[in-house]
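The values are calculated or read from the model by the stated rules, or taken from the named source; none is laboratory data. This one's a predicted model, so the numbers in the text were calculated from it and none came from an experiment. A quick note on method: Cβ atoms are made from the backbone with ideal geometry, for glycine too, and the neighbour counts reach across all protein chains shown.
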């Protein structure tokens, strides 16, 4: 099994078919953190990272992947399931949190958070059951919720899903914070 110390990167590209989770709510304003393409290698157009790069709602996630040096691993062959918070989810964190996590001295904490958004198989919403426990790339577990056709992960809503060549992206409305050890 490949070493998957990666994180989530996802996004919705206009024109991609959304899965059964439904349409994302309203477009979200971009976060103050802007992803720079300088350290991103050429990518297949339909992998998880490429999809995230094409989404104005995932610039903070892409910046976090770059800061953690996870772009290549998340663009790998997979399969991966990435639960990708939108920019507004990062904006909802306490002031200064994102900026602090993007500093080189916080890379271990950032990687742990990113890994808590990824699992090493492609899981579609149709496989989720209410109360289902899933192990994430950082070794911690999350709990899925299913009620009235809506899906959640640790209480965060899955607002859309996008198939990628190396897995699936579930777009979520909150940042998942791993349990403290």
**Q.** Residues (modelled with pLDDT of 95 or more, assigned to a loop (DSSP other than H, G, I, E, B) and either within 15 Å of the chain's Cα centre (by Cα) or within 19 Å of residue 173 (Cβ to Cβ) (or both)) located in the range 117-136
**A.** 117, 123, 124, 128, 130, 136
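Yes or no, residue by residue, for (1) touching a strand residue (DSSP E or B) at 6+ places or on another chain (Cβ under 7 Å); (2) within 22 Å of residue 167 (Cα to Cα):
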site	(1), (2)
71	no, yes
79	yes, yes
91	no, no
107	no, no
112	no, yes
116	no, yes
120	yes, yes
132	yes, yes
Q. Listed residues 69, 57; which is assigned to a helix (DSSP H, G or I) and over 11 Å from the mean Cα position of the chain (by Cα)?
A. 57
(Q) Considering only residues that are surrounded by 12 or more Cβ atoms within 10 Å (Cβ to Cβ) and over 26 Å from residue 76 (Cα atoms), which ones fall in the range 125-151? (A) 132, 145, 146, 150, 151
Q: Would you please list the contacts, defined by Cβ atoms under 7 Å and residues six or more apart or on different chains, that run from a residue in the range 69-85 that is within 18 Å of residue 135 (Cβ to Cβ) to a residue that is in a strand (DSSP E or B) and modelled with pLDDT under 90?
A: none
Q | Meets criteria (out of contact with any strand residue (DSSP E or B) (no Cβ under 9 Å at 6 or more places or on another chain) and either over 15 Å from residue 62 (Cβ atoms) or free of Cβ contacts under 8 Å to residues at least 12 places away in the same chain (or both)) for residue 95 | A | yes
Q. Quick one: residue 147 ticks every box in (1) at pLDDT 95 or above; (2) in contact with a strand residue (DSSP E or B) (Cβ under 8 Å, 6 or more places away or on another chain); (3) over 17 Å from residue 63 (Cβ atoms) bar one, so which box is it?
A. (2)
(Q) Would you confirm, using the coordinates I've provided, whether residue 71 is closer than 16 Å to residue 51 by Cβ and modelled with pLDDT under 95? (A) yes
Q: Determine which single condition residue 80 fails, assuming it passes every other condition in (1) at pLDDT below 50; (2) surrounded by 17 or more Cβ atoms within 10 Å (Cβ to Cβ); (3) under 25 Å from residue 106 (Cα atoms).
A: (1)
